[in-house]
Amino acid sequence: MRCVFCKNDSSDSRSLEHIIPESLGNLSHILPPGVVCDKCNNYFATKVEKPFLETDAIRQLRFQQSVPNKRGRLPEMEGVLLPGFPAILRKFPKSPFEGFIGLEPRAIRHLIASDGGKVILPYAGDPPERFVSRFLAKAAVEAMAARLFHNSEWLDSFTDEKQFDEIRNHARRGEIPDWPFHVRRIYDMAAKWVDEEGKAIQLVNEYDILKTDWDEWFFVLALFGLELVINYGGPEIDGYQRWLNENGHRSPLYTGKNNDDPFRLLG
């Protein structure tokens with residue numbers, strides 16, 4: 001077996017690879033050992049996923065939606081007790097409606113004197129584009145590997161296919177810092193869905209691979225309803241906007257699962 005990123009022999013690799021990090025609620029989309037070698041796996045964890053997860057926007061999203069990391073911890077956030085006192089906010093993962101607020105003495109005195117107060121989280125902004133595009137590139141390559149894994153010849157062809165070297169190398173080395181991606185919100189981050197048992201659930205993450213009629217392939221990821229899309233073929237995103245225009249701006253996540261034979265793109 002060879003790694004789908006560096007293409008080196010990975011037969012002795014032992015680590016599982018999460019296509020979407022556990023800290024974003026992924027417990028099921030996992031590649032078996034060897035699809036991504038241990039060296040690349042460790043590199044992505046520290047140089048691609050960690051910077052993305054530690055951006056203010058993603059930390060605030062995880063805090064607001066109570067998504068713990070693999071150690072069961074939620075990030076703490078810096079907030080403001082109005083009218084302007086700094087505050088540290090923490091939640092308890094097993095009881096997301098409970099937590100505590102760290103305040104300095106003068107803030108506590110103000111809180112007591114005013115018989116209550118309001119704490120707000122400053123706007124975190126969007127994650128830096130270079131962090132997002134490399135994270136999407138990494139997840140895109142792994143999502144395609146997951147689709148092809150059941151057929152070793154297809155997986156080998158994908159690993160050898162030069163047209164995918166640009167996106168895999170962007171994930172590995174960030175060679176194109178301004179690699180574009182498409183972003184939009186397709187449903188509210190707190191939206192609830194009804195499962196087959198009639199229970200209300202929240203979708204933390206979901207993804208799919210879109211193949212257009214003009215043979216472009218896109219990786220489509222939604223995190224709490226925020227849809228992020230990257231092109232497998234290179235740093236260009238106009239084709240996705242074209243697809244949206246031709247399909248009523250519906251998300252590919254809800255317009256079929258694009259079940260064409262994935263080996264066709266390798267020919």
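Listing for the model above:
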{"item": "The range 199-213, residues that are touching a Gly at 6+ places or on another chain (Cβ under 7 Å) and of a type in the set (A, V, I, L, M, F, W, C)", "result": "V204"}
{"item": "Helices (runs of 4 or more DSSP H) (entirely within the range 1-88) containing at least 1 residues that are modelled with pLDDT under 90 and of a type in the set (F, W, Y)", "result": "56-65"}
{"item": "Residue within the range 57-79 that is acidic (D, E) and not assigned by TED's automatic domain parsing to the domain that holds R147 present", "result": "yes"}
{"item": "Yes/no for F164 being farther than 20 Å from P127 by Cα, among the aromatic types (F, W, Y) and in a strand (DSSP E or B)", "result": "no"}
{"item": "Qualifying residue in the range 209-220 (condition: within 21 Å of M189 (Cβ to Cβ), in contact (Cβ under 8 Å) with a residue 12 or more places away in the chain and of a type in the set (A, V, I, L, M, F, W, C))", "result": "yes"}
{"item": "Odd one out for N41, checked against (1) outside the structural domain of A145 (by TED's automatic domain parsing); (2) buried (at least 20 other Cβ atoms within 10 Å of the Cβ)", "result": "(1)"}
{"item": "The lone exception for K91 - which of (1) charged (D, E, K, R); (2) surrounded by 20 or more Cβ atoms within 10 Å (Cβ to Cβ); (3) in a helix (DSSP H, G or I) it fails", "result": "(3)"}
{"item": "Complete set of residues in the range 228-267 that are surrounded by fewer than 16 Cβ atoms within 10 Å (Cβ to Cβ), in a helix (DSSP H, G or I), under 21 Å from the mean Cα position of the chain (by Cα) and at pLDDT below 95", "result": "Y254"}
{"item": "Test: residue in the range 25-33 that is in the same structural domain as N205 (by TED's automatic domain parsing), in contact (Cβ under 8 Å) with a residue 24 or more places away in the chain and farther than 30 Å from Q64 by Cβ", "result": "yes"}
{"item": "Test: residue in the range 100-118 that is under 24 Å from K192 (Cα atoms), of a type in the set (A, V, I, L, M) and touching a residue at least 12 places away in the same chain (Cβ under 8 Å)", "result": "no"}
{"item": "Residue within the range 178-187 that is in a loop (DSSP other than H, G, I, E, B), in the same structural domain as K39 (by TED's automatic domain parsing) and in contact with a His (Cβ under 7 Å, 6 or more places away or on another chain) present", "result": "yes"}
{"item": "Residue count for the range 174-217, restricted to those that are more than 23 Å from D126 (Cβ to Cβ) and surrounded by fewer than 16 Cβ atoms within 10 Å (Cβ to Cβ)", "result": "13"}
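The values are calculated or read from the model by the stated rules, or taken from the named source; none is laboratory data. Values in this document were obtained by computation on a predicted structure and should not be read as measured data. Note: ideal-geometry Cβ built from the backbone for every residue, glycine included; neighbour counts use all protein chains shown.
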